[in-house]
Amino acid sequence: MEDKRQRYECECTCGFTFYACKSLFQQWGLIDSGSGSCPKCKVFYNLTLDEENKKMILTEWEKHMKNRKEKLGGNL
């Protein structure tokens, strides 16, 4: 059975390009709620959907969590 879901390009900081589909939450409109890791270097990322450019914006997980904590005023 062939998977027909749209795949979005992900460009890792190591230079490797991989592809990811929308998470369930991204399908519901929460564009910054994806996650995944690079198959080559294994760095774990938050994936933010960029529908216009058919890409995912990758943010290293630790940086993503720090940004979220700052946005919430330190209450995470």
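No value in this document is a laboratory result; all are computed from the given coordinates. Note that the coordinates shown come from a computational prediction; the quantities given were computed from them, not determined experimentally. Quick reminder, even Gly has a Cβ in these numbers, built from the backbone with ideal geometry, and neighbours come from all protein chains shown.
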(message) Being within 13 Å of ARG7 (Cα to Cα) and not in a loop (DSSP other than H, G, I, E, B) narrows it down to one residue among MET65, MET56; which is it?
(response) MET56
(request) Would you point out the residue of the range 7-24, among those that are touching an Asp or Glu at 6+ places or on another chain (Cβ under 9 Å) and of a type in the set (Phe, Trp, Tyr), that is surrounded by the fewest Cβ atoms within 10 Å (Cβ to Cβ)? (result) TYR19
(request) Taking the residues in the range 25-47 that are in contact (Cβ under 8 Å) with a residue 24 or more places away in the chain and part of a strand (DSSP E or B) as candidates, determine which candidate is surrounded by the fewest Cβ atoms within 10 Å (Cβ to Cβ). (result) SER35
